[in-house]
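**Q** Structure provided below as structure tokens; questions to follow.
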Amino acid sequence: MNEKIMNQNDVLEAMATTSAPNLGLDPRECIAPEPGDPCTIVIMGATGDLTARKLFPALFDLYLNDGLPDPFLIVGCGRTQLEDSGFRKKMKTALQTAGKLDSSKWTDFATALHYRVIDYDNLDSYQNLAESLRDLDTQYKTRGNRIFYVALPPALYPSVARLVGRAGLSIENTNGNGWSRIVIEKPFGTNLQTARELDRHIHEYFNEHQIFRIDHYLAKETVQNILIFRFANSLFEPIWNRRYVDYVSITATETLGVEHRAGYYEQAGILRDMFQNHMMQLLALTAMEPPSRFEADLVRDEKTKVFRALRPFPVENLPDFLVLGQYGSGTIDGLRVPAYREESGVHPDSLTPTFAMMKVFLDNWRWQGIPFYLTSGKRLAEKITEITVQFKTVPHSMFRHTLGEAIAANRLTLGIYPEEKITLTFQTKNPGARVCLRTVTMDFQYQQNYTGPLLDAYEKVLIDCMLGDQMLFWRQDGVERSWAFLTPILNECETCDNRDNMLHFYDSGSMGPQAIANFLKPENGA
């Protein structure tokens, strides 16, 4: 009788196969991890730009991919005088503009759309809304579960939250109400004091578990994949620390200018617009310790520890740790574009920064002494978001006398935009008799070998709101810690006598201010 003899590699492969779980899921099963409760999604600001461009296309896409609960309702609220039919027509136009309309599915979807006129500062208006929502709950059996998505300017957040609460709509599990959640977008205040004031207003009627503070960067697939990449693979975690990493660079740049947001941007600038939220969250995901379990509060605990570990910024020596810039005129995609000071709504002598590169340090065991470079800006050469981990060079070069050249260190890049990918560079020998090194790149495209539906950031955010999963949302202690770090920098930048000298101008379409070249020298403050 012949027996098949297995070699050592066959045995090891068989062991690995039998010990690994079966993860061959239908891609559609990953859209929503479990059936959501029936609910009503109430959009405050339903006739605005955010709803038309982001929220409604996301909701319709979820509907097409069975990502919405059954039953569900969408109730738009706004000052504009509309009937249900007018709102449905407006949303259909929004889907056509976004290229998202599936006419065969629209009629059924549209029956779930309703509209109510509301005065955002009038309690009677909210009480009428409450009565109407209860009637809809009874008719469509949505069990009193509601999400209040505040798609309005931040100045209205406190009054909307307060009046929703005063109308009895924040109360959970009594008087015909099920669960109640409120969703707000950044900015969460403009400094530490205003962030605390905003939180106090919202907490007057909502508990922390009811509050969902959105940072849509966190809902991007590659951003979520950072934790999986770090903590589900034994290859990289042992070297993800000060012993092997030289520096970390986190970049989020864009080619767009201030566009139609000049009024907001003149008050905010790049530090408030990008650093308090997006850049801090990317930093936390890159630097955090592994939580004991993959649960929302445990993950957010570890993020908050990163914010606590931020070394106080040396505001007395800003030039060595911060470069600020403002875009001038230039060329983007072959077209001439104006300078920031020439944009409509911008003061002609504005000192508002549109670019910042910041060097920060974390005073903890894992990252002591390792610089993190955070860079964001407008009107730059390319729109790109990525995290680069630059590893240290090998401690000894046995090729020194053979090659007569430096050996480039390994580099890992987590690409978030425009391509969601992971790349790793390393050294190999060129073919031939002579010993010559070349740098090669190992690529992984995030959508490689995936044929299922793709969720954009807002679709993922909406699913998590419906499921009550706060993993990808800010918690108030994290908001306050990030503002506590940035507020002294803002105070110094906005009140110091040499603000003119701190602001470096750069051409639109360039890589940013020339001052960053000196800033990146290793001996400069590292």
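The values are calculated or read from the model by the stated rules, or taken from the named source; none is laboratory data. Source: prediction; values computed, not measured. Quick reminder, even Gly has a Cβ in these numbers, built from the backbone with ideal geometry, and neighbours come from all protein chains shown.
**Q** Is region 108-123 home to any residue that is basic (Lys, Arg), in a helix (DSSP H, G or I), within 18 Å of Gly45 (Cα to Cα) and touching a residue at least 24 places away in the same chain (Cβ under 8 Å)? Let's see the steps before the verdict.
**A** We begin by selecting, within region 108-123, every residue basic (Lys, Arg); these are 116.
Remaining after also requiring in a helix (DSSP H, G or I): none.
So far as region 108-123 goes, no, none of its residues is basic (Lys, Arg), in a helix (DSSP H, G or I), within 18 Å of Gly45 (Cα to Cα) and touching a residue at least 24 places away in the same chain (Cβ under 8 Å).
**Q** Please report, ordered by residue number, the helices (runs of 4 or more DSSP H) entirely within region 256-312 with at least 3 residues that are more than 20 Å from Ile384 (Cβ to Cβ) and modelled with pLDDT of 95 or more. If you could, list the steps in order and put the result at the bottom.
**A** Working: elements: 262-270, 280-287, 296-309.
In region 256-312, 296-309 are the helices (runs of 4 or more DSSP H) which contain 3 or more residues that are more than 20 Å from Ile384 (Cβ to Cβ) and modelled with pLDDT of 95 or more.
**Q** Run down Val150, Val164 and say which single residue is out of contact with any Gly (no Cβ under 6 Å at 6 or more places or on another chain) and touching a residue at least 60 places away in the same chain (Cβ under 8 Å).
**A** Being out of contact with any Gly (no Cβ under 6 Å at 6 or more places or on another chain) and touching a residue at least 60 places away in the same chain (Cβ under 8 Å) holds for just one of Val150, Val164, which is Val150.
**Q** Something else about it: Tell me which of these Ser132 doesn't satisfy, since it passes every other one: (1) among the hydroxyl-bearing types (Ser, Thr, Tyr); (2) outside any strand (DSSP E or B); (3) within 28 Å of Tyr265 (Cβ to Cβ).
**A** (3)
**Q** Taking Asn317, is it farther than 16 Å from Leu472 by Cα and either acidic (Asp, Glu) or modelled with pLDDT of 95 or more (or both)?
**A** Numbers: farther than 16 Å from Leu472 by Cα: yes; either acidic (Asp, Glu) or modelled with pLDDT of 95 or more (or both): no.
Taking the combined requirement at face value, the residue does not satisfy it.
**Q** For residues that are surrounded by fewer than 20 Cβ atoms within 10 Å (Cβ to Cβ) and over 23 Å from Glu492 (Cβ atoms), scanning just region 347-369, find the one that is modelled with the lowest pLDDT.
**A** Going through the qualifying residues, I end up with Pro348.
**Q** Among the numbered criteria (1) closer than 24 Å to Leu256 by Cβ; (2) modelled with pLDDT of 90 or more, which one does Cys493 miss?
**A** (2)
**Q** Within region 136-157, does at least one residue satisfy the condition of being within 17 Å of Gly45 (Cβ to Cβ), outside any strand (DSSP E or B) and among the basic types (Lys, Arg)?
**A** no
**Q** Checking Val394 against (1) outside any strand (DSSP E or B); (2) surrounded by fewer than 19 Cβ atoms within 10 Å (Cβ to Cβ); (3) in contact with a strand residue (DSSP E or B) (Cβ under 6 Å, 6 or more places away or on another chain): exactly one of these is not met. Which one?
**A** Going through the list (1) outside any strand (DSSP E or B); (2) surrounded by fewer than 19 Cβ atoms within 10 Å (Cβ to Cβ); (3) in contact with a strand residue (DSSP E or B) (Cβ under 6 Å, 6 or more places away or on another chain), Val394 breaks only (3).
**Q** Can you tell me which residue among Tyr446, Tyr458 is at pLDDT 85 or above and of a type in the set (Phe, Trp, Tyr)?
**A** After ruling out the rest, the residue left standing is Tyr458.
**Q** May I ask you to say which residue of Thr385, Thr451 is closer than 25 Å to Pro57 by Cβ, modelled with pLDDT under 80 and polar (S, T, N, Q)? Write out each step before concluding.
**A** Values: Thr385 fails: modelled with pLDDT under 80.
That would be Thr451, the only listed residue that is closer than 25 Å to Pro57 by Cβ, modelled with pLDDT under 80 and polar (S, T, N, Q).
**Q** Filtering region 440-462 down to residues that are out of contact with any strand residue (DSSP E or B) (no Cβ under 9 Å at 6 or more places or on another chain), crowded, with 21+ Cβ neighbours inside 10 Å and not basic (Lys, Arg), which residue is farthest from Arg53 (Cα to Cα)?
**A** Among those that are out of contact with any strand residue (DSSP E or B) (no Cβ under 9 Å at 6 or more places or on another chain), crowded, with 21+ Cβ neighbours inside 10 Å and not basic (Lys, Arg), it is Leu455.
**Q** Here's something else I'd like to know. What's the total number of residues in region 138-152 that are of a type outside the set (A, V, I, L, M, F, W, C) and closer than 16 Å to Leu113 by Cβ?
**A** Summing the residues that are of a type outside the set (A, V, I, L, M, F, W, C) and closer than 16 Å to Leu113 by Cβ in region 138-152 gives 5.
Residue-wise test of (1) closer than 22 Å to Ile214 by Cα; (2) in contact with a Phe, Trp or Tyr (Cβ under 7 Å, 6 or more places away or on another chain).
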position: Ala58; (1), (2): yes, yes
position: Gly67; (1), (2): yes, no
position: Phe87; (1), (2): no, yes
position: Met91; (1), (2): no, yes
position: Gln96; (1), (2): no, no
position: Thr107; (1), (2): no, no
position: Arg116; (1), (2): no, no
position: Asn122; (1), (2): no, no
